[in-house]
1. Counting other beta carbons within 10 Å of each residue's own, what order do S91, S16 fall into, fewest first?
2. In what sequence do V19, V100 fall when counting other Cβ within 10 Å, fewest first?
3. How high is the FRET efficiency between D92 and L24 when r is their beta carbon distance and R₀ equals 35 Å, given to the nearest 0.05?
4. For D63 and E104 in the same chain, what is the full-extension length gain: residue separation times 0.36 nm, less their Cα-Cα distance, in nm?
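Since every read-out is calculated from the coordinates, none of them should be taken as a lab result. Note that the coordinates shown come from a computational prediction; the quantities given were computed from them, not determined experimentally. Heads up, the Cβs are rebuilt from the backbone with ideal geometry, glycines too, and the neighbour counts pull from every protein chain shown.
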Amino acid sequence: MKNKIKKTEKYRAVASLLVALVVLLVTFFWFSRTPDCGPPHSSTLQAQNAEQYPAPCYEGLTDQEAKEKAKNAGFNYRVVEADGEARVITSDYSVRRVNVTLSEGKVVKAEFY
C-alpha cells in the first residue's frame, strides 16, 4: 500500500510539473507574439487603435499596399519622407493618421502621429 501511495505522489508531482510547464509556455508565446495586424475592432478611432493596428505592420509593404491597408482600417495615410527626401508636412497630431517613410517604393518606417 505504501508503494502505491508513493507512486501516486510521483505521478501527481510529474503532472503538476507538466501543467506548470504548459502554463509557462502558453504565457511566453502569448506575450511574445507578433501584434495583431488586423483592422481595429472599434469604429471609434482613438489612440489605443494605433496599438490594435500597429505601425510596424506597414513596414515592408509597397506604397500602394500600405495606403490601401490604412484606408481599410479607417486611417489617413501620409508619406513624410521618400528616398531620403523629406516632404513638407503639417505639425498637427492625429491618431487617425499613419505616417510612412519610403525607400524605393517600400515602407521602411511607419508611425502614428
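1. Working: S91 5, S16 10.
Arranged by neighbour count, lowest to highest, S91, S16 become S91, S16.
2. Numbers: V19 10, V100 24.
In order of increasing Cβ crowding within 10 Å: V19, V100.
3. Working: r = 45 Å, r/R0 = 1.30.
Efficiency computed from Cβ-Cβ geometry: 0.15.
4. Details: separation 41, 0.36 × 41 = 14.76 nm, distance 0.94 nm.
My answer for the length gained is 13.8 nm.
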